[in-house]
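Each reported figure results from applying straightforward, stated rules to the coordinates on display, with no laboratory input. Everything quoted here is computed from the prediction, not taken from an experiment. Here the Cβ is made from the backbone with ideal geometry for all residues, glycine too, and neighbour counts use every protein chain on show.
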Amino acid sequence: MSRKHRHKLSGIERANSVTWNPHKMMGVLLQCSAILVKEKGILQGCNQMCAGYLFQPDKQYDVSYDTGDKAIQCGRHVDIFKFWLMWKAKGTVGFENQINKCLDLAEYLYAKIKNREEFEMVFNGEPEHTNVCFWYIPQSLRGVPDSTERREKLHRVAPKIKALMMESGTTMVGYQPQGDKANFFRMVISNPAATQSDIDFLIEEIERLGQDL
């Protein structure tokens with residue numbers, strides 16, 4: 001959808017199959033997902049039940065229009081129709097602007113915190129998508145050399161700030177560990193209504209809630 005970021009999927013045309021889940025970046029309902037395959041007939045070969053009571057061969061029209069045997073859902077409601085309606089309403093350019101805005105906000109967040117002493121990035125380099133992963137480093141841990149004790153203390157920081165966020169009712173950001181990395185914030189920007197002011201508030205709120213830890 002995004003001409004600006006299309007290069008990130010360079011080579012995808014060589015894949016035999018691709019899943020497309022528009023519910024994150026495009027705000028589509030969760031069940032509106034698609035799998036695209038190159039090989040004609042493979043979906044029907046995998047899923048068909050040849051149920052005679054559903055797909056009679058002696059109809060007055062071309063039975064190739066009966067596509068239920070290609071899908072695991074068979075005759076259930078057509079979820080993807082909801083996506084089609086959104087696409088008709090917003091247009092390709094509308095979705096492109098929405099996606100670009102979210103990615104721009106992720107870059108804005110990264111640029112705001114990457115060189116500040118109270119924040120530390122989990123991964124080197126700019127984020128490639130809208131996930132921005134970072135630690136908040138409270139005053140008590142700044143300048144402290146890396147050690148098991150420091151990592152254990154840092155591991156408790158994100159959950160504590162998240163709890164304070166929920167108690168104050170101001171904002172919510174997910175956190176997680178990865179491997180031997182202590183819990184870190186994983187900010188995922190997918191709301192097209194978000195603004196740079198919202199990002200600024202988020203940073204200030206994390207600092208406010210974590211300053212005494």
### Inter-label distance for Thr67 and Glu128, nm, one decimal - labels placed 7 Å from Cα along Cα-to-Cβ
3.1
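With 10 angstrom as the radius, rank Ile42, Ile199 by how many other C-beta atoms surround their C-beta, starting from the fewest.
Ordered by Cβ neighbours within 10 Å, fewest first: Ile42, Ile199.
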#### Entry: MRE, 222 nm, helices only [DSSP H, n ≥ 4, -39500 (n - 2.57), over the chain, to nearest 500]
-11500 deg cm²/dmol
### Message
Between 0 and 90 degrees, rounded to the nearest ten: what's the tilt of helix 196-210 against the longest Cα principal axis of the chain?
### Response
50
### Query
Given 0.36 nm per residue, what is the gain on full extension from Ala163 to Ile35 after removing their alpha carbon distance, in nm?
42.3 nm
### Task
Bin all alpha-carbon pair distances of the range 1-127 at 5 Å intervals from 0 and give each bin's fraction as a whole percent.
2, 8, 13, 14, 15, 14, 11, 8, 6, 4, 3, 2, 1, 0, 0
### Query
By a straight-distance test (C-alpha under 29 Å), which lysines pair with Lys112 as possible cross-link partners, with residues fewer than eight away in the same chain excluded?
Lys4, Lys8, Lys24, Lys101, Lys153, Lys160, Lys162, Lys181
#### Entry: Val93/Asn16 FRET efficiency (R0 35 Å; Cβ-Cβ; nearest 0.05)
0.70
### Task
Bin width 10 Å, alpha-carbon pairs only: give the P(r) of the range 28-98 as whole percents, running from 0 to the bin holding the largest distance.
16, 38, 30, 14, 3
### Gained length - Met172 relative to Ile42, 0.36 nm times residue gap less alpha-carbon distance
42.5 nm
### Query
When Trp135, Trp87 are ordered from fewest to most other Cβ atoms inside 10 Å of their Cβ, what list results?
Trp87, Trp135
### Task
Apply the Karplus parameterisation 6.51 cos²θ - 1.76 cosθ + 1.60, with θ equal to phi minus 60°, to every residue of the range 19-27 and state each ³J(HN,Hα) to the nearest whole Hz, in sequence, with x for glycine and proline.
9, 10, 10, x, 6, 8, 6, 10, x
### Query
Leaving out same-chain residues fewer than 8 places away, which lysines sit with a Cα under 18 Å from that of Lys38?
Lys70
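How big is the shadow of the Cα convex hull of the chain, averaged over all directions, in nm²? If you can, show how the numbers build up before the last one.
Details: hull surface 66.6 nm².
Over every viewing direction, the Cα hull of the chain projects on average to 16.6 nm².
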### Message
If I model a spin label as a point 7 Å beyond the Cα along the Cα-Cβ vector, how far apart are those points for Ile80 and Gln60 in nm?
### Response
2.9
### Query
Peptides 106-113, 6-13, 88-95: what's the order by average Cβ count within 10 Å, highest mean first?
106-113, 88-95, 6-13
## Note on the structure
Final fewest-first order of Glu120, Glu152 on the 10 Å Cβ neighbour count is Glu152, Glu120
